[in-house]
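Each reported figure results from applying straightforward, stated rules to the coordinates on display, with no laboratory input. Please read these numbers as outputs of a predicted model, since none were measured by experiment. All Cβ positions, even for glycine, are placed from backbone atoms using ideal geometry, and neighbour counts span all protein chains on display.
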């Protein structure tokens with residue numbers, strides 16, 4: 001199904017744009033280091049801005065990391081079960097469990113994001129930096145992960161996953 | 001006790017089924033919190049944990065150090081480090097093997113990753129070592145074990161994660177790792193020297209001509225970037241000139257500059273690939289941290305870590321034996337799962353135990369990294385061995401696994417030395 005591939009490509013693209021946040025971090029921290037060490041002044045809000053960038057980088061990249069198989073896992077079962085029917089059943093079971101875990105997480109984070117947005121939540125300290133948009137990004141990132149997990153499950157059920165492709169090739 | 005058993009069962013069943021480790025830890029955390037705090041309490045903690053765990057200033061170093069490693073590799077620092085080490089050490093007994101260890105140690109000061117160090121050095125060193133008469137077993141073992149220095153010698157990604165999970169200081173951990181890192185590199189080099197010396201056939205075949213002193217001195221100019229990165233990142237942190245976050249940003253910025261000026265090929269794709277990989281790996285690491293936070297909260301509500309500490313304190317054994325007992329799970333689990341996951345699973349349980357028993361978490365962190373080094377070269381997972389195999393497909397995995405056996409013995413010996421002489425682990 002082409003739509004599944006498009007969703008996966010979109011998740012990788014969004015995750016890649018999140019990677020750009022790393023570059024922005026470098027070029028926002030460096031002027032602050034020089035200003036503090038050579039001019040004796042500190043640029044206000046750099047820390048808060050970079051924490052916000054970090055949250056964005058992590059959560060917009062979750063679904064892309066799932067597509068690229070970056071999430072750490074114990075791969076012992078792969079070598080024990082090989083490409084058998086039992087392996088496919090196990091994969092479907094784990095995909096369904098994963099959807100359940102992150103649907104629950106999505107519900108919990110969304111409740112807090114909505115509450116934060118309604119209150120217009122800000123950081124305490126010298127600079128008042130808005131938190132609520134980043135709590136919404138957390139929920140959006142987890143939503144994208146749930147969508148990707150559903151895509152993975154559909155691929156397994158439709159036998160369009162990598163394991164089936166590898167078995168066909170061999 | 002019932003809640004603790006349920007949490008552990010959920011974790012083990014899901015890990016066994018092959019679900020990602022972070023997903024399994026979140027599921028185990030949800031189960032434990034639901035049992036201990038009820039549905040509403042669990043939903044409140046679950047809703048706050050992803051943002052609360054991620055929005056930490058200290059953790060900005062994770063993507064920055066990852067990006068620095070990518071750019072250091074793209075700038076060809078690993079290749080040049082090996083060439084310099086070969087020129088200086090190639091002529092001694094087992095010279096190329098010793099040069100492999102030295103270049104791993106050198107690249108470790110900028111990469112922060114065991115896999116990156118093993119993969120990059122293996123590609124350059126193994127073909128040369130085999131061409132000069134070294135056995136594939138020793139050639140593969142040198143890169144696989146030398147690569148493990150990447151997680152010990154600062155800046156180490158694993159130590160950054162450890163610092164977050166155990167609430168210890170990053171500069172303190174980096175300072176503590178310096179001497180054990182150097183000691184490990186020297187012990188590996190000594191072992192290579194001894195192994196070649198004990199094999200007359202290999203000793204004769206591997207002899208290389210001595211490079212003129214002038215050429216050797218000139219070659220040092222090829223690794224000035226490594227020296228600059230080390231001085232700026234580690235020196236800046238130790239002398240209190242910059243914070244860990246600022247040091248990481250400076251290192252990432254400098255490595256980017258080196259990659260743009262020294263690398264061959266499309267600069268745009270080098271930077272883009274570095275950013276994409278950094279983004280993807282950062283997301284995976286942070287999901288592990290979120291899982292560890294939930295799992296840790298669930299475990300602490302069961303009071304099991306506290307009971308474990310009381311039980312351990314009641315045993316009539318010395319502090320070194322207690323330390324060894326607490327370290328044992330890392331050696332066992334290290335055969336099956338990677339270091340990062342081990343830290344996020346075990347340290348939320350063990351940190352309160354360490355504090356109650358009066359064992360310094362910084363010192364214990366260095367021992368944990370040593371155990372992770374062993375896990376990275378032990379079957380069946382032995383990640384570094386497979387990394388070496390994928391970098392140099394001609395080499396047999398079984399050969400590398402056989403070759404690393406003496407290195408594992410040396411690792412265990414170093415752990416025992418560190419436990420016996422804890423003063424070798426500096427504190428700042």
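Key figures for this structure:
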item	result
Potential extension, residue B:303-residue B:316 segment - 0.36 nm per residue separation minus Cα distance	2.4 nm
Helix B:244-262 vs. chain B, principal-axis angle (Cα, 0 to 90°, nearest 10)	40
Cα-based helix-to-principal-axis angle, B:95-111 vs chain B, degrees rounded to 10	50
Modelled label reach - residue B:56, point 7 Å along Cα→Cβ, region B:324-364 residues with backbone N closer than 18 Å	B:339-355, B:361-364
GNM result for chain A, Cα springs below 10 Å: residue of A:120, A:18, A:40 fluctuating most strongly	A:40
Region B:147-242: C-alpha pair distances exceeding 20 Å, %	58
Cα gyration tensor shape for region B:160-312, rounded if a/c is under 1.5, else prolate or oblate	oblate
Near-label residues of region B:1-31 by backbone N, under 18 Å of a point 7 Å along Cα→Cβ of residue B:39	B:30-31
Taking B:207, B:370 and counting other C-beta atoms within 10 Å, the order from fewest to most	B:207, B:370
Within a Gaussian network of chain B (alpha carbon springs, distance under 10 Å), most fluctuating of B:189, B:409, B:292	B:409
Simple spin-label estimate for residue A:92 and residue A:27 in nanometres, 7 Å along Cα-Cβ	4.9
Rounded tilt (10° steps) of B:170-197 against the dominant C-alpha axis of chain B	50
Other protein chain Cβ atoms within 10 Å, averaged over every residue that makes up A:99-109	5
Residues B:405, A:151, B:98, sorted so that the one with the fewest Cβ neighbours within 10 Å comes first	B:405, A:151, B:98
Inter-centroid distance (Cα atoms) of region B:14-52 relative to region B:325-385, Å	22
Mean projected area in nm² (Cα convex hull; one quarter of hull surface) for region B:17-71	5.4
Shielding of A:91-98 by partner chains, average beta-carbon count, 10 Å	4
Cα gyration tensor, the protein assembly as shown - rounded (a/c under 1.5), prolate or oblate	rounded
Relative exposure of B:225, B:394, judged by other C-beta atoms within 10 Å (fewest first)	B:394, B:225
